[in-house]
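*Asks:* Next up is a structure, given as structure tokens.
The values are calculated or read from the model by the stated rules, or taken from the named source; none is laboratory data. Everything numeric in this text was worked out from a predicted model, so none of it was measured. Ideal geometry is used to build each Cβ from the backbone, glycine not excepted, and the neighbour counts take in all protein chains shown.
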Amino acid sequence: MKRHGWAAVLALTWVFCFTARAHQSAVSNSTSNADTEPGYCATALSNNDAWLKQMQEGDELYRAGNYDDATAKYVGAAERAGLRADHDFCLGTWLSNLALAYSSRGQYAQALPASRFSVHLFEEATTSDDPILARHLSQLGTLYAHLGRFRDAELLYRRVLGILLKSTPGRQLEVLGAQTNLATLYYDTGRYTEAESLFTEVLRVSQEQLGSTHLGVANAMNNLAAVYVAEGQYSQGELLYNRSLKIDQVTPGANAVDRATALNNLGLLYNKETRFIDAAGALRKALEIHEKELGPNHPTTAITVMNLASVYANLGRYQDAENLYIHAMRTTEETLGPNHSQYALLLNNLGSLYAVQHRFSEAEPLFERALTICEHTLGPEHPDTAVVLSDLAEVNYRQKRYPVADERFRRSLAILENKLGDDHPVVAKIMLKYALLLRATKRKAEAKQLEARANGVLAKQTVHDLSKAVVDVQELKQRY
């Protein structure tokens, strides 16, 4: 079948999920740190009703969005209870648990003040190399990552890893969690070579320490697979995704959200390979789990909704795709804010949907807004930034604004060739789009040269991958 011009570009703007950012996998409720900190916290709570009441008032203020007054309540409660020195653990743990409760609902901005104050208290109450402090620094780093503050997150992740590597033996699993967080950040910022190296090490050590059928190994496989797919190594990515799901299916106590993450990622891979039946099936299963486990208004659920919308767009179900994109945008804006990189990806995908329908005047401002956000949150050299730039360039080309389109295509390709290499399929597809502009501006020799390079890259796709690209669109529309 003939694919629309924007369909292939959407691939890089879909979001792959990662399993087991270190602190999240253990989150179940607001008391998730209760068993990991000194036991006198529970004693302080049970023996001081006035202190507890003031803490609960602070919690209510947090829920109402009044963060400054809530923090004041927490400080007042600590003073009233006479919490000093080691008792700062109690207040710090309370705040950390509150931050975890918000994070579990995807309310990262609301969690941030509590986590920052918690870290401050633990820095006052512990030494700079205490593993307990590392746990709370990791939580704060992950919040920064969710909010697109990648530089702040990386500084904290590196600090955490340094603390754990210097601490007493027996903390190998915590080290693996810290390495996973750092590798995920590398992926988020387009540093795929660094991400692959670190995820490979995490998988190797996980298999040695936990055994080949442990759920932690399944998570490590899922994470490494996402990097392989980003690098265009689709067959290797699919192999690891399926191995991860097989472990999940046969292992007692498997986490449903982790299974949904693997299904989401596998669905994205199938979509890249134009295996739309398989893609829709995997994403529907992932969405069902996310809605049940996280709720319909969680930002992770919104990611799966966005990815399913992309499948519908490739099927030509434009209205269904638009409805899902708008729903996901509303959820993301409410939970992460309108300046988050995830919101930018939604803007870009909706713009791509409009562009496929030749609604260029509606698409252009969406791409421009997405580009501004990506440049600010991800940086001007990030692959996602480059993809948005190429999508905007294609709209400019369709509008016959050739000089503007030319400059944006060149910038996009320069970034992507630097980050992904000139033999990546996404780079090749953008080369072919740029070649159309070159032909339109009577630069046929340049166009032919670029087309030859791009077609050479695409010809390297394995027979296995190419055989899956033939689908019956009518069958797909009937089934989904």
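*Asks:* Going by the conditions given, is residue 215 under 23 Å from residue 156 (Cβ atoms) and not β-branched (Val, Ile, Thr)?
*Replies:* No, not satisfied.
*Asks:* Looking only at region 169-190, filter to residues that are assigned to a loop (DSSP other than H, G, I, E, B) and touching a residue at least 24 places away in the same chain (Cβ under 8 Å); which one of those is surrounded by the fewest Cβ atoms within 10 Å (Cβ to Cβ)? Before the answer, list the steps.
*Replies:* Restricting attention to region 169-190, the residues satisfying the condition of being assigned to a loop (DSSP other than H, G, I, E, B) are 169-171, 189-190.
If we keep only those that are touching a residue at least 24 places away in the same chain (Cβ under 8 Å) too, we end up with 171, 189-190.
Working: 171: 16, 189: 22, 190: 22.
Top of the filtered list is 171.
*Asks:* Tell me, which residue of region 356-369 that is aliphatic (A, V, I, L, M) and at pLDDT 95 or above is farthest from residue 336 (Cα to Cα)? Outline the logic, then answer.
*Replies:* Keep residues of region 356-369 that are aliphatic (A, V, I, L, M), which gives 356, 363, 366.
The next check asks that each one be at pLDDT 95 or above; those that pass are 363, 366.
Values: 363: 23, 366: 18 Å.
The extreme case among them is 363.
*Asks:* Something else now. Looking at region 116-142, which of the residues that are at pLDDT 90 or above and closer than 24 Å to residue 69 by Cβ is surrounded by the most Cβ atoms within 10 Å (Cβ to Cβ)?
*Replies:* Checked region 116-142; the qualifying residue surrounded by the most Cβ atoms within 10 Å (Cβ to Cβ) is 136.
For every residue, the table says whether it meets (1) in contact (Cβ under 8 Å) with a residue 60 or more places away in the chain; (2) of a type in the set (D, E, K, R); (3) not in a helix (DSSP H, G or I).
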{"site": "158", "(1), (2), (3)": "no, yes, no"}
{"site": "164", "(1), (2), (3)": "no, no, no"}
{"site": "198", "(1), (2), (3)": "no, no, no"}
{"site": "219", "(1), (2), (3)": "yes, no, no"}
{"site": "226", "(1), (2), (3)": "yes, no, no"}
{"site": "229", "(1), (2), (3)": "yes, no, no"}
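*Asks:* Could you tell me which numbered condition residue 193 fails, if it satisfies all but one of (1) free of Cβ contacts under 8 Å to residues at least 12 places away in the same chain; (2) within 24 Å of residue 210 (Cβ to Cβ); (3) of a type outside the set (Lys, Arg)?
*Replies:* (2)
*Asks:* For region 440-461, what are the residues that are surrounded by 15 or more Cβ atoms within 10 Å (Cβ to Cβ) and among the basic types (Lys, Arg)?
*Replies:* 443, 453
*Asks:* Looking at this structure, is residue 361 free of Cβ contacts under 8 Å to residues at least 24 places away in the same chain, in a helix (DSSP H, G or I) and under 26 Å from residue 320 (Cα atoms)? Walk me through it before giving the result.
*Replies:* Values: free of Cβ contacts under 8 Å to residues at least 24 places away in the same chain: yes; in a helix (DSSP H, G or I): yes; under 26 Å from residue 320 (Cα atoms): yes.
Yes, satisfied.
*Asks:* On the basis of being basic (Lys, Arg), under 26 Å from the mean Cα position of the chain (by Cα) and at pLDDT below 90, does residue 419 make the cut?
*Replies:* In short, yes.
*Asks:* Can you tell which of 395, 471, 426 is in a loop (DSSP other than H, G, I, E, B) and either surrounded by 21 or more Cβ atoms within 10 Å (Cβ to Cβ) or modelled with pLDDT under 95 (or both)? It would help to see each step written out before you state the result.
*Replies:* Numbers: 395 fails: in a loop (DSSP other than H, G, I, E, B); 426 fails: in a loop (DSSP other than H, G, I, E, B).
The unique qualifying residue is 471.
*Asks:* For residue 213, all conditions in the list (1) assigned to a helix (DSSP H, G or I); (2) over 20 Å from the mean Cα position of the chain (by Cα); (3) polar (S, T, N, Q) hold save one; what is the number of the exception?
*Replies:* (1) is the only condition that residue 213 fails.
*Asks:* Right, here's the next one. Run down 425, 403 and say which single residue is farther than 22 Å from residue 342 by Cα and either free of Cβ contacts under 8 Å to residues at least 12 places away in the same chain or among the aromatic types (Phe, Trp, Tyr) (or both).
*Replies:* Details: 425 fails: either free of Cβ contacts under 8 Å to residues at least 12 places away in the same chain or among the aromatic types (Phe, Trp, Tyr) (or both).
Just a single option satisfies the conditions, and that option is 403.
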